[in-house]
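**Student:** Before we start, here is the structure in question, set down as structure tokens.
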Amino acid sequence: MKTAVEFLIEQITDSTMSIREAFKQAKEMEKQQIIEAHGNKLRKSRGTSNCEHWVGGIDYYNETFKPE
């Protein structure tokens, strides 16, 4: 499996696609890698309550990187 950066460098030096398209694909690869690496984790709520809830990789990505 290639990292998003490895993919981007390969595409830019190989010139098989536009830089814009290579960048777009590399960003999507990075997003998927972050989501998979995070997985599902149990998170405790902040404050005085003792609530716990599961946070999936997609939720983590959206909270952390705020995609548009």
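The values are calculated or read from the model by the stated rules, or taken from the named source; none is laboratory data. From a predicted model like this one, the values you see are computed outputs, not experimental measurements. What goes into the accessible areas is simple: the full protein's heavy atoms, side chains included, and nothing from ligands, DNA or RNA. Shrake-Rupley method; radii C 1.70, N 1.55, O 1.52, S 1.80 Å.
**Student:** Do you know which residues across segment 23-57 are modelled with pLDDT under 90, among the hydrophobic types (A, V, I, L, M, F, W, C) and open to solvent by less than 100 Å² (accessible area, probe 1.4 Å)?
**Tutor:** I34, I35, A37, L42, C51, V55
**Student:** Could you run through segment 1-11 and say how many residues are assigned to a helix (DSSP H, G or I) and open to solvent by 80 Å² or more (accessible area, probe 1.4 Å)?
**Tutor:** Count: 3.
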